1. Determine whether B:Asp295 is surrounded by fewer than 20 Cβ atoms within 10 Å (Cβ to Cβ) and of a type in the set (Asp, Glu).
2. Among B:Val401, B:Val394, B:Val347, which is the only one that is without any contact (Cβ under 8 Å) to a residue 60 or more places away in the chain and touching a strand residue (DSSP E or B) at 6+ places or on another chain (Cβ under 7 Å)?
3. Scan region A:45-60 and give yes if some residue there is within 14 Å of chain B (Cβ to nearest Cβ) and more than 23 Å from B:Thr213 (Cβ to Cβ), otherwise no.
4. How many residues are surrounded by fewer than 21 Cβ atoms within 10 Å (Cβ to Cβ), assigned to a helix (DSSP H, G or I) and either over 26 Å from the mean Cα position of the chain (by Cα) or among the hydrophobic types (A, V, I, L, M, F, W, C) (or both) if we restrict to region B:160-171?
5. For region B:313-329, give me each residue that is within 14 Å of chain A (Cβ to nearest Cβ) and surrounded by fewer than 18 Cβ atoms within 10 Å (Cβ to Cβ).
6. For residues that are assigned to a loop (DSSP other than H, G, I, E, B) and within 28 Å of B:Ser114 (Cα to Cα), scanning just region B:220-252, find the one that is modelled with the lowest pLDDT.
7. Given the structure, is A:His119 at pLDDT below 95, closer than 20 Å to A:Leu99 by Cα, crowded, with 24+ Cβ neighbours inside 10 Å and at the interface with another protein chain (Cβ under 7 Å from one of its Cβ atoms)?
8. For region A:105-114, does any single residue satisfy the condition of being facing another protein chain (nearest Cβ under 8 Å) and of a type in the set (Ser, Thr, Tyr)?
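The values are calculated or read from the model by the stated rules, or taken from the named source; none is laboratory data. Computed from a predicted model, the values in this text were never measured in an experiment. Note that we place each Cβ from the backbone using ideal geometry, even for glycine, and neighbour counts take in every protein chain shown.
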Amino acid sequence: MPIFRSGEIKITILLSAVLIAALGPRIAGATLGEPEITVQSDVAQLRASIKNSDDRASYRVHEIQLPGGTLLREFVAPDGKVFAVAWNGPTKPNLRQALGKYFDAMVSAPKPKFADRRHLQIQQGDLVVQGSGHMRAFSGRAYLASAIPSGVNLGDLH
Amino acid sequence: MASCIGPVRAVLIAACCLVAVACGGGGGGGGGGSTPPPPPPPTNNVVSVIVDEGPTSQSVNTLFTSVTVCVPGSTTNCQTIDHIQVDTGSYGLRLLAPVLTVALPVETLSSGNSLAQCTQFVDGFSWGPIALADVQIAGETAKSLPVQVIGDSRFATVPAACSGTGTAEDTVSSFGANGILGIGPFELDCGDCDTVTHGLYFACATATTCTDTTVPNAMQVPNPVTHFAADNNGSMIDLPAVAAGGAVTLSGSLIFGIDTQSNNQSGTQTVLTVDGAGELAMIFNGQTLANSFIDSGSNGIYFADSSIATCTATGLTSFYCPGNTLTLGLSIQGQNGVMVNNLTFGVGNAQTMLNANPTFNVFPQLAGQLPAGNAGTFDYGLAFFYGKRVAVAVEGNMTSVGTGPYIAF
C-alpha cells in the first residue's frame, strides 16, 4: 500500500512550482535533508525536467533528467524530507545543488588511503557519499544514514 | 606501378615513389641506375612504464610513464615530464601546471574566448585551460595536440558549475601524479560535447568569466594516440607477472599501434568489444554485471560481495580483508558476445598485505568493495594487466583481429 497517491504527487509538484515562483530567489536550492519542495528547486537550478515520480512502499522517488543525459534521483521519506540522492550518467550532476548544506562536508572529508580516480567513499557523521565509474559513465549516491526510513534496502538507493 | 617506371622526369618518379613504396625496387627504375634509398627505420613505438610509489609516495597499483611536450613548432622549447599516469579509463593528456616549465599557448575558440575544461573524475574534478603542445612519446609525435593544463594560475578562478561537482584535484599532491595519459578506446573525452553542454568545456571571455560551452570535436582533448602520425589505431600495455604478495615496483612497456609493426601483432589475442562508455559484461558469483570495465586507472579489483569482510583500519574500510586469501572465478563477455571463461583472481587481506610490506607499491590481490547500489559493475583494475599484454583498440580503427572500440588479451 503506497503511502502517497499519484494525485497527491501532481498536486505537490504543482504546489511546489507555485511556491517556488512565489518564494523566488529566497530558496537557495538545497535538497539532501531538506523538504520535498526543494526537488522543484533542483529542477529549476539544474535546467532539468522531472522524468518520473514513483511511489515505493516506504518512500517516493523523483527522477530528474538533466540536460546532459544524467539521471538524478531524489528519495523522499514519509516525513517529507529528502533522505538520499543518486545519480547515473555520462557526467556528474552539480552536487552542491543536490547535496545542499552537506556539500561542504563532502568536499572537506579527508581523502582515504590509496584513493584512485574511480571510487568515492565518504562518511562524515550522518552523511555517506559513494561513487564509482570513469570518464563517460559515472554513478553515485549520497544519503543521511539516520534519515533512511525503516525497511529501505540500501541497495535500492541508486 | 606502370606509370612509375615509364619515361618520366625524375621529379615525377620521386612523386610516384612517395605513394608507391615499392617503386624502383623491382629493377625497372628509369632514373638512371641510382640505388633507391633504404626504407626508413620503423618508428620507435615503445615507451617504458612502471608501477611505483608515484610523486606523492602514496600510490599503489598505479602505472606511470614519461611524456615530452614542446611549444608547437619548437624542437628546443620542450620538457620531459615523468610520472604521468597511464589510464585506459580516460581520454587525453592532462598535465599539472606546477610541474610544467614550458609555456603552452591556450586554445582559442572562434569567438576569441579561451577554452578551459572541468575534467570530472569520480572523486573530484580538475580545472584548467586547454593548451596546444607538440607531444612526443617514444618516437611517436602528435603536433599541436589539445592538452589540458590542470591548476594553471592563469585561470585560478574555478567556475561554480565546476567546483559544484566535488573536490578539487588541481595539485600534484591532490592529483597523485604529474599528469595523466588517457588512452582508452575512444578518441575524445566526451561523446557529444560538440552539440551538448555537459559542464565539461568552458569558454572564458576573461580568466574569471568562464561559461559552459559546446566545442568543435577538433578542439576537444583527444586520446593522443589517435593523433600520432603512425601507430595510431590503439595501444598495448605489456606487464610481467608479479608474485601474489606483491612487489616494490613493476616495469613493462606501453606499445603504440596494433598490427602496425612487428612488435605489436595481435596474433591469437581474443577481442572483446566495448560499448559507448567503454564497458562490457563480467559474470561473477553467478550474476551478469553489465556495466563492468577493465581499467588501468583503477588501483584495485572492485566488486560487491557482502560475504567478504571489509577492513576496519582507518582509511582502508573500502578494501576487503578476508581471513584467508580467496581465489575467485570470473568470466568476461564482450559486446560482440565473445566470452572469456574461467579466469581467477585472488583477494588478499588488504590490511595484512600493506602492513607486511609497507614499501610495496604493487599488490595484485588488493580488492575493494563497490557501493551496494552498484550491483551491476565489476571494475577490474591494473591488476588485470599484470602478466598480460592487453590491447586497447580505438573506436572505428581496424586491426587484423577486429574493429575498435575493443579490449583484447
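1. Answer is no for this residue.
2. B:Val347
3. Our first condition is that a residue be within 14 Å of chain B (Cβ to nearest Cβ); within region A:45-60, this holds for A:45-48.
After this cut, where a residue has to be more than 23 Å from B:Thr213 (Cβ to Cβ) as well, the list is none.
No, region A:45-60 has no match at all.
4. Looking only at that region, the number is 2.
5. Here is the first cut: in region B:313-329, the residues within 14 Å of chain A (Cβ to nearest Cβ) are B:313-321.
Listed by number, the residues that qualify are B:Ala313, B:Thr314, B:Gly315, B:Thr317.
6. In this case the residue turns out to be B:Ala229.
7. Against the criterion (at pLDDT below 95, closer than 20 Å to A:Leu99 by Cα, crowded, with 24+ Cβ neighbours inside 10 Å and at the interface with another protein chain (Cβ under 7 Å from one of its Cβ atoms)), A:His119 qualifies.
8. No: zero hits.
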